[in-house]
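Structure, as structure tokens:
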2 protein chains.
Amino acid sequence: MRKQVTLKDIAAAAGVHVSTVSRALDPVTATTLSDEVVAQIRSAATAMGYRRNRIASSLRTQQSKTVGVVLPDISNWIFPPMVRGIEKVLEEAGYAAFFVNTDNLVAREERLLSALLERGVDGILHAAVLRDSPALAALAAEGLPVLTLNRRVDPSRIPCVINDENAGIQMMVTHLVEAGHSQIAAISGPQALSTGMMRQQALLTTLAGMGLRQPACSHVEANGFSEEEGSRCCAELFDRGNHFTAILCANDRLALGALSELRARGLSCPDDVSLTGYNDMPYLDWIAPGLTTVRIEQAEAGRVAAELMLQMLNGAEVPQETVMPVTMIRRGSVTPPRRLRELQASRNPV
Amino acid sequence: MRKQVTLKDIAAAAGVHVSTVSRALDPVTATTLSDEVVAQIRSAATAMGYRRNRIASSLRTQQSKTVGVVLPDISNWIFPPMVRGIEKVLEEAGYAAFFVNTDNLVAREERLLSALLERGVDGILHAAVLRDSPALAALAAEGLPVLTLNRRVDPSRIPCVINDENAGIQMMVTHLVEAGHSQIAAISGPQALSTGMMRQQALLTTLAGMGLRQPACSHVEANGFSEEEGSRCCAELFDRGNHFTAILCANDRLALGALSELRARGLSCPDDVSLTGYNDMPYLDWIAPGLTTVRIEQAEAGRVAAELMLQMLNGAEVPQETVMPVTMIRRGSVTPPRRLRELQASRNPV
DNA sequence: AGCCCTTACGCAATCGTTTGCATAGCCTGA
DNA sequence: TCAGGCTATGCAAACGATTGCGTAAGGGCT
């Protein structure tokens, strides 16, 4: 911070009191002043290159016009669009955002939360929350505006913006079944995250609803949403010796990991095994054979979350749960199982 | 911001003056106090859940322990790793960062810069700078620590951390030439950005140094580093009717755009045209045929830049220019030109 | 003309920390 | 014993903006 021109300087230049300057510069309080004074002060201010010191302002008003945004890891492709959505809305409302990454590490998260609070954030938008998050719940209980995004604290009264995991998983399962798959293996996400949990639940209810059974032995739980875990889990599915013609993965990165494991085993997707993902990461359509997946609207979710946050900051009530719609993206990674294809081919020879 | 426990509260509880509490809580000034008092105050502070109000602190000390990080667009894949590198270093030093995205829009950049300054950032790390950036130069001249990353203000005394564009381009050209290409087209980046400019310069000097000539007509300048521009420029290369067997692209996204245009024209990479990129975006190896490119170390560059920024914040001098090394990543998008391959095949029949 | 109300602005306290200076007490040394 | 010095702490003024309250001037009304 360097020496800057303050209200006092402008007051001296304009021959008025600093409080008058303060009022002249705020459109709403300026109405109590005479037009000439306001005009004079404003022109003096711009002439002198005045820039409001928000720190002093924050101290006095007890609000920093700042929110903290907590992410697991911005390097994860699904977050940048979300961040842009958040930033856009907040910036237009005069808010700035501190972005931090927890790497899903509890200790790190606590440190970062603390840093955010020291800096007087007016609210926290949390996209990296664990299902069980007492610290955050405590903050919310104290009256700090808190909203979770993509995930939720479970159970709690913290408002959240999440995606329609049920619909998404149901689409994928239906799509696989309609393609003729009846032996569907699954790689699910970490159950400590609400997304992992909810998608897994959705899978079970969907299968049950369709009268299918997914044997426990063809279901592996990943320890994280990464390619490595996807490969590991895929390998484990094969090692168990169960037969399956498709793998439903809890997100795209797990699916990519599975894809590379398939290739490593000399198998082809979709010829030997169909694969589905979740999230629709950017550039996914560039990767052959094109992963069939569920698109979640990250940027839109970010915008919605930021708008809800603004409402909370204004003291308004917001819905406990906002569910964003998802859509299915069909690409090349799902085809009918080989058996069916061959059957079809023999019936309709070329 | 909610009611919080202040130094005054602790002072009252401990029966001392608030200045004493302030001193007790700062490890360095605490040495002037008696050990018992310090211990007593500290325990009272933690017992009462004291959290330092950095806003008040900033106002008094005139430094916010905050830096502004200006990006073109966090959705661009090369930035998230950089952001993580920056965040890691700054956070360890007790700094927090405001991240903003300019979308390469001058008006937006000015608004954002202004917002950062109002919030009293101690320094600015700028990765979205145009070659000509008077506003930023002015800030730097006023004594605000400013450092540019990935790009530079040209000319100016603003320190920068950039990549070794010369080496990178030279590697790509050499690789193409060694593969047998002599008719190399180029899609260069926007010349308003130092990266676009420097890579273009590097291309010309490299070609000249090798005794090759790149005719102006097989060189197209993109208006932005995007897939769309890559496609457009690739199309323009064909429309001009010049013959070429390889396209050197100023970054990966341009190369991807070119790739899709090739496919749209029924051509194959690398069978018909070889392609090179720049940056080595994540997941690029998943995209067939695998783009041969230049890897730049984003995370490392972010770390280095943040450390230089910390030095500047401490009043130290830093080098005017820090050049990060780059490495070549060979994948499948470059092969000898068809003519050579056929020649080879006829000589060594399988 | 006198009263009151409004208008337009000044006054001063306040937000929570930091820090230069003042001071009270104690110790040391002559 | 007393000057002088040191130690440990208190005092109060900042930092810059905001805002409740006070008040002078002016105008309208009777």
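The values are calculated or read from the model by the stated rules, or taken from the named source; none is laboratory data. Predicted, not measured: the structure shown is a model, and the values here were computed from it. With ideal geometry, Cβ positions are generated from the backbone for all residues, glycine too; neighbour counts draw on all protein chains shown. Note: areas computed on protein heavy atoms with side chains; ligands, DNA, RNA excluded. Shrake-Rupley method; radii C 1.70, N 1.55, O 1.52, S 1.80 Å.
What tally of residues in segment B:46-55 results from selecting those that are facing another protein chain (nearest Cβ under 9 Å), hydrophobic (A, V, I, L, M, F, W, C) and farther than 21 Å from B:LEU144 by Cα?
Residues in segment B:46-55 being facing another protein chain (nearest Cβ under 9 Å), hydrophobic (A, V, I, L, M, F, W, C) and farther than 21 Å from B:LEU144 by Cα: 0 in total.
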Can you find a residue that is part of a loop (DSSP other than H, G, I, E, B) and within 26 Å of B:VAL70 (Cα to Cα) anywhere in segment B:164-181? yes
Of everything in segment A:136-170, what is out of contact with any helix residue (DSSP H, G or I) (no Cβ under 6 Å at 6 or more places or on another chain) and within 14 Å of chain B (Cβ to nearest Cβ)? Give them in sequence order. A:ALA138, A:LEU139, A:ALA140, A:ALA141, A:GLU142, A:GLY143, A:LEU144
Just name the residue that is surrounded by the most Cβ atoms within 10 Å (Cβ to Cβ) out of those in segment A:221-240 that are under 13 Å from A:ALA255 (Cα atoms) and in contact with a Cys (Cβ under 7 Å, 6 or more places away or on another chain). A:GLY230
Scanning for something within 9 Å of chain B (Cβ to nearest Cβ) and open to solvent by less than 50 Å² (accessible area, probe 1.4 Å), does segment A:126-135 turn up at least one residue? no
Can you go through A:ALA305, A:ALA264 and tell me which one is hydrophobic (A, V, I, L, M, F, W, C) and either under 23 Å from the mean Cα position of the chain (by Cα) or not assigned by TED's automatic domain parsing to the domain that holds A:MET198 (or both)? A:ALA305
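Does A:ALA11 count as within 16 Å of DNA strand C (Cβ to nearest atom) and crowded, with 18+ Cβ neighbours inside 10 Å?
On the way: within 16 Å of DNA strand C (Cβ to nearest atom): yes; crowded, with 18+ Cβ neighbours inside 10 Å: yes.
So A:ALA11 passes the test.
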Can you go through B:ARG84, B:ARG60 and tell me which one is under 30 Å from B:LEU254 (Cβ atoms) and of a type in the set (Lys, Arg)? B:ARG84
Out of the residues in segment B:59-83 that are more than 7 Å from chain A (Cβ to nearest Cβ) and within 16 Å of DNA strand C (Cβ to nearest atom), which is least open to solvent (accessible area, probe 1.4 Å)? B:THR66
Residues satisfying the stated conditions in segment A:86-119, i.e. more than 10 Å from every other protein chain (Cβ to nearest Cβ), more than 17 Å from A:LEU136 (Cβ to Cβ) and open to solvent by less than 20 Å² (accessible area, probe 1.4 Å): A:ILE86, A:VAL89, A:LEU90
Within segment B:15-41, track down each residue that is of a type outside the set (Val, Ile, Thr) and within 13 Å of DNA strand C (Cβ to nearest atom). B:HIS17, B:SER19, B:SER22, B:ARG23, B:ALA24, B:LEU25, B:ASP26, B:PRO27, B:ALA30, B:LEU33, B:SER34
From the set of residues in segment B:202-230 that are out of contact with any Asp or Glu (no Cβ under 8 Å at 6 or more places or on another chain) and over 19 Å from B:LEU275 (Cα atoms), which is modelled with the highest pLDDT? B:THR205
Look at segment B:1-36 and say how many of its residues are within 11 Å of DNA strand D (Cβ to nearest atom) and within 24 Å of A:GLY123 (Cα to Cα). 1
So which pairs qualify, if the first residue must be in segment A:7-27 and within 14 Å of another protein chain (Cβ to nearest Cβ), the second must be among the hydroxyl-bearing types (Ser, Thr, Tyr) and more than 6 Å from DNA strand D (Cβ to nearest atom), the Cβ gap must be under 9 Å, and the two must be at least 6 apart or on different chains? A:LEU7/A:TYR50; A:LEU25/A:TYR50
Can you say whether B:ALA39 is in a helix (DSSP H, G or I), more than 8 Å from DNA strand D (Cβ to nearest atom) and either within 14 Å of chain A (Cβ to nearest Cβ) or open to solvent by 50 Å² or more (accessible area, probe 1.4 Å) (or both), as far as the supplied structure shows? yes
I'm trying to understand the selection: among the residues of segment B:42-58, which are free of Cβ contacts under 8 Å to residues at least 40 places away in the same chain and open to solvent by 60 Å² or more (accessible area, probe 1.4 Å)? B:ARG42, B:SER43, B:THR46, B:ALA47, B:ARG52
Quick check on my filter: what residues within segment B:265-292 are more than 14 Å from chain A (Cβ to nearest Cβ) and of a type outside the set (Gly, Ala, Ser)? B:ARG265, B:LEU267, B:PRO270, B:ASP271, B:ASP272, B:VAL273, B:THR276, B:TYR278, B:THR292
In segment B:281-326, which residue that is hydroxyl-bearing (Ser, Thr, Tyr) and modelled with pLDDT of 95 or more is farthest from A:PRO289 (Cα to Cα)? B:THR322
Run down B:ALA47, B:ALA56 and say which single residue is over 24 Å from A:GLU109 (Cβ atoms) and in a helix (DSSP H, G or I). B:ALA56
